[in-house]
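Visitor: One structure, pasted below without further comment.
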Amino acid sequence: MRRGMRRGTGVLALVGMTMVTALAVTRVPEAVSEVEFFRVQEVRLQGERFLTLEQVEELMALEPEASIWDDPEPVSRRVRRHALVQEVEIRRRPPATLVVQVTERSPVALLSTPALVPVDREGRQLPVDLTRHRLDLPLLEPRAVAPADPGAGGAELTPAQIRTLAGEADRVARTDPGFLSLVSQFAADPWGGVLVRLDEPRVTLHYRPEASTHRLREGLRALADAADRRPGQAVTLVDLRYDDQVVVRFGTSNGS
C-alpha cells in the first residue's frame, strides 16, 4: 500500500513540475518583453526584390517600446497587406533584431492602363516602380493585336480577360520560356481565345487558353513552312484554335 502511495505521489509531483515548467516557458517571453535590453533596435529584410527596408518598417509600425519577444502576428498582418507581399515570416534574433522574410508576388506581364502597370499571374496590379526596375515582360493590351481579324478583342480588357491573359503569360513562361521570349503582346478575343503578337517575325498567333507547348510550337513550324512556300507574302495570322489543323493567313510583304 505504501509503495503504491509513493508511486502515486511521484506521478503527481512529475505532473506538477511539468505544469510549472510549461507555465514558466509561456511566461518567459511575456516577462522579458518588458526588459529594455530586448527592445527592437534593428530590422533586417530578406527575400525582397522590389520592396525596400523603409517600406517594410513603415508597414510594421513598431512602437518605440516594441520588444523582439512581442507577438509577431499583428506585425505580420500589417506587412501582408501590401500588394507585393504574398507571405511573410518574422524571426527573432536576440538581443534586439527582427528578421523579416518576405515572399513577393512576381510580375508576369505589363498592363496598359494606359500607363504600364505590372501584374501577377492572377491579374493583380503590383506597385513596382518601373523607373527603378526594368522588367522585360509582354504587354496585356486593351486593344486588339490584330485589328483586322474578326476575332480580335474590343477597346478594353475586362477583369476576367486580364486574369486569363496574365495566367497565360505565367503558364507560358513556366512551360516554354523560349516561346515567351518571342512574344511582345497578349490580347483576348470576345470568345475567350488568346492572341499573341510576335515581334520577329511580326505575326499574330490565335489559340485557346492552355494550349500545349507542342501546339504552340506547331504554329511556329507552320509559320516557317508558309514563309518557305510563299516567300513574296508575309504571314499575318496563324490560327491554332481548331483541332488537327493550322490556319495561316497571308498578307503582302508591304503589310497590306
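The values are calculated or read from the model by the stated rules, or taken from the named source; none is laboratory data. Keep in mind it's a predicted model, so treat the numbers as computed, not measured. Quick reminder, even Gly has a Cβ in these numbers, built from the backbone with ideal geometry, and neighbours come from all protein chains shown.
Visitor: Quick one: which residue in ASP176, ASP225 is more than 30 Å from THR113 (Cβ to Cβ) and either under 20 Å from the mean Cα position of the chain (by Cα) or loosely packed, with under 15 Cβ neighbours inside 10 Å (or both)?
Guide: ASP225
Visitor: Please specify each residue of segment 194-213 satisfying the condition of being closer than 21 Å to ARG163 by Cβ, in contact with a strand residue (DSSP E or B) (Cβ under 8 Å, 6 or more places away or on another chain) and surrounded by fewer than 19 Cβ atoms within 10 Å (Cβ to Cβ).
Guide: Listed by number, the residues that qualify are ARG208, PRO209.
Visitor: On the basis of being closer than 14 Å to GLU104 by Cβ, surrounded by 12 or more Cβ atoms within 10 Å (Cβ to Cβ) and not assigned by TED's automatic domain parsing to the domain that holds VAL119, does LEU45 make the cut? So that I can check it myself, show each step before the final result.
Guide: Numbers: closer than 14 Å to GLU104 by Cβ: yes; surrounded by 12 or more Cβ atoms within 10 Å (Cβ to Cβ): yes; not assigned by TED's automatic domain parsing to the domain that holds VAL119: yes.
In short, yes.
Visitor: Please verify whether LEU59 is outside the structural domain of GLY47 (by TED's automatic domain parsing) and either touching a helix residue (DSSP H, G or I) at 6+ places or on another chain (Cβ under 9 Å) or exposed (fewer than 15 other Cβ atoms within 10 Å of the Cβ) (or both), treating the condition exactly as stated.
Guide: no
Visitor: Assess whether LEU157 counts as being aliphatic (A, V, I, L, M), in a loop (DSSP other than H, G, I, E, B) and at pLDDT below 95.
Guide: When the stated conditions are applied, LEU157 passes them.
Visitor: Still on this structure, I have one more. Which residues, taken from segment 79-137, are small (Gly, Ala, Ser) and part of a loop (DSSP other than H, G, I, E, B)?
Guide: ALA83, ALA96, SER106, ALA115, GLY123
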